[in-house]
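Down below is the structure, laid out as structure tokens.
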Amino acid sequence: MQDIPVVIVGGGLSGLYAAFLLEQKGIAYRLLEARNTFGGRIAVAKYSDAHTVDNSTDIDQAESSTAFDLGPSWFWPDYQTQLSSLIESLNLSRFSQFEEGNMMVERAANQPPVRMQGYKSAPPSMRLVGGMAALIEALYARLDARCIITNQTVRQLSKTDGHIEVQSEDTFGHVTRRVTTFRAQHVLLALPPRLVEGRITFQPALPQNLSTQWQETATWMAPHAKYVAVYESPFWRYNGLSGAARSAVGPLTEIHDASTLEGNGALFGFFGVPAQVRQSVSDDVLKEHCRAQLVRLFGKQADTPIAEYLKDWAQDPLTAMPADVSGDGQHAVAPPSKPQTGVWQDCLTGCGSEWSAQFPGYIAGAIDAAATAVQSLPATVLSR
Ligand SMILES: Cc1cc2nc3c(=O)[nH]c(=O)nc-3n(C[C@H](O)[C@H](O)[C@H](O)COP(=O)(O)OP(=O)(O)OC[C@H]3O[C@@H](n4cnc5c(N)ncnc54)[C@H](O)[C@@H]3O)c2cc1C
């Protein structure tokens, strides 16, 4: 059994940032991540000129390929100042979402799409060079890799006298699944509250009202799916189009330019087709419909992307629970991050994005919730 002051469950942005802050304070920790990669909802598809496609956020290959966001694309530095300062301190480059020119609107299946004056977001939506995964890669590069373990799915937390036993299953292709137990003074839950409630067993059980509140907190964007089409160049721009579109026809309901600063053109769209319907259709068929829609909106050149990617978050059990599949996708109000009574008081803190009071569900929320959780660790942990 490994004995450490803090165990972090989850290696998305909130978990990695909590680890970053703990290292600055000199507090020992282990971070357990169920996937074989870091980033959680921050994921990119990587396209290289050699036409090898890497769908993972593989830290070692970040430099050699062009990244397209399958999760978040945007942040808003004008009011997300904590996130903006972090990005600056990590020396990451940012650029504005491309919004020059007209947009396309599709109102009905029996009407051709119309060209309309585009609009610019205010304050501007900003993107990161290298995709949002650049933030994950930069944070990871500053951490002690020995403290961070992938392919570790936390299944159970048990409260014993003065400690929490964290049972984690090695999910990397073992026939007999190995369970490791970590003994921690404090556990930071760096994943969506609904996943904590649905996938981790607590012994004894959490207070009922807290458990219900966590279960009812929708995981932002979990019901959604993103389609990305990559082109040699952003050909729509040469025709005065911004790449933005809205459609009541589908399958994509909202489309944006996703081109990189390095030169590849790309368009991405959010599906309007509900998650239950998407589940009954193959990815190939969905992509075919997306391509046809892009041709209707942007012309024949859209029919021949050099790469296409589709990520359905509703079908990813490390992001979505069944309740998310039928959810309305609205931002939930942040639930309490700690048990206020009972044996779990003072030894457990939620620090995933949904626990942020300021920006619940956003990447800025992941930073805010992690900082708040680390700041409020009990003195007994901080003094170790
Ligand atoms: C399609 C899409 C578009 C988005 N667009 C934007 C945007 O433009 N701007 C914005 O601000 N935000 C956006 N978001 C939201 C943003 O991605 C999230 O707020 C942020 O990434 C959440 O980070 P997190 O660390 O809190 O949670 P997550 O990223 O969900 O990380 C949780 C981690 O926990 C791991 N995990 C799960 N269960 C276990 C377990 N039992 N044991 C161990 N590990 C476990 C998961 O594998 C994951 O790595 C978008 C999200 C999606 C999906």
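No value in this document is a laboratory result; all are computed from the given coordinates. Worth saying up front: this structure is predicted, and the values here are computed from it rather than measured. Because the Cβ atoms are built from the backbone with ideal geometry, glycine has one as well, and the counts that use them run over all protein chains shown.
Below 21 Å Cα-Cα, how many Lys pairs turn up in the chain? Only count pairs eight or more apart in sequence, or on different chains, if you could.
Here the count comes out as 8.
Based on the mean of other Cβ atoms within 10 Å per residue, sort peptides 96-107, 200-211, 272-283 so the most packed one is first.
96-107, 200-211, 272-283
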> From the backbone phi of region 365-382, what are the Karplus-calculated ³J(HN,Hα) couplings (6.51 cos²θ - 1.76 cosθ + 1.60, θ = phi - 60°) in whole Hz, Gly and Pro given as x?
Replying inline: x, 4, 5, 5, 5, 5, 5, 4, 5, 5, 4, 9, 4, x, 4, 4, 7, 4
>> Please list, in order along region 8-16, the HN-Hα scalar couplings obtained from phi with the Karplus expression 6.51 cos²θ - 1.76 cosθ + 1.60 (θ = phi - 60°), rounded to whole Hz, x for Gly and Pro.
In response: 9, 9, x, x, x, 4, 5, x, 5
> region 261-331: which GluC sites (Glu not before Pro) are DSSP loop and have at most 16 other beta-carbon atoms within 10 angstrom?
Replying inline: 262
> In what order do 311, 300 fall by count of nearby beta-carbon atoms within 10 Å, going from fewest to most?
Replying inline: 300, 311
> So what's the gap between the Cα centers of region 235-262 and region 277-341, to the nearest angstrom?
Replying inline: 17
>> Counting only helical runs of four or more DSSP H residues, what would the 222 nm mean residue ellipticity of the chain come to if each run contributes -39,500 (n - 2.57) and the total is spread over all its residues?
In response: -6500 deg cm²/dmol
>> Can you list residues from other chains, or at least 5 along the same chain, whose modelled amide H is less than 5 Å from the amide H of residue 129?
In response: 93, 94, 95
> Hey, fewest Cβ within 10 Å first, where do 46, 338 land in order?
Replying inline: 338, 46
> Under 5 Å between amide H atoms, partner at least 5 residues away or on a different chain: which partners does residue 252 have, H built in plane at 1.01 Å?
Replying inline: 272
> Which whole-Hz couplings ³J(HN,Hα) result when phi for each residue of region 267-281 is put into the Karplus expression 6.51 cos²θ - 1.76 cosθ + 1.60, θ = phi - 60°, listed in order with x for Gly and Pro?
Replying inline: 10, 10, x, 8, 6, x, 5, x, 4, 4, 6, 4, 4, 8, 10
>> Give me, ordered by chain and number, the residues 5 or more places off residue 155 or on other chains with an amide H under 5 Å from its own placed amide H.
In response: 167, 168, 169
> Given springs between every Cα pair under 10 Å in a Gaussian network model of the chain, which of 160, 219, 260 has the largest fluctuation?
Replying inline: 160
> So what's the angle, to the nearest 10 degrees on a 0 to 90 scale, between helix 283-298 and the longest Cα principal axis of the chain?
Replying inline: 50
>> Under the rule a/c < 1.5 gives rounded, and otherwise a/b versus b/c splits prolate from oblate, where does region 219-319 land using the Cα gyration tensor?
In response: prolate
> Which whole-number percent gives the relative contact order of the chain, counting Cα pairs below 8 Å spaced six or more residues apart?
Replying inline: 21
> Among 325, 166, what is the fewest-to-most ranking by other Cβ atoms within 10 Å?
Replying inline: 325, 166
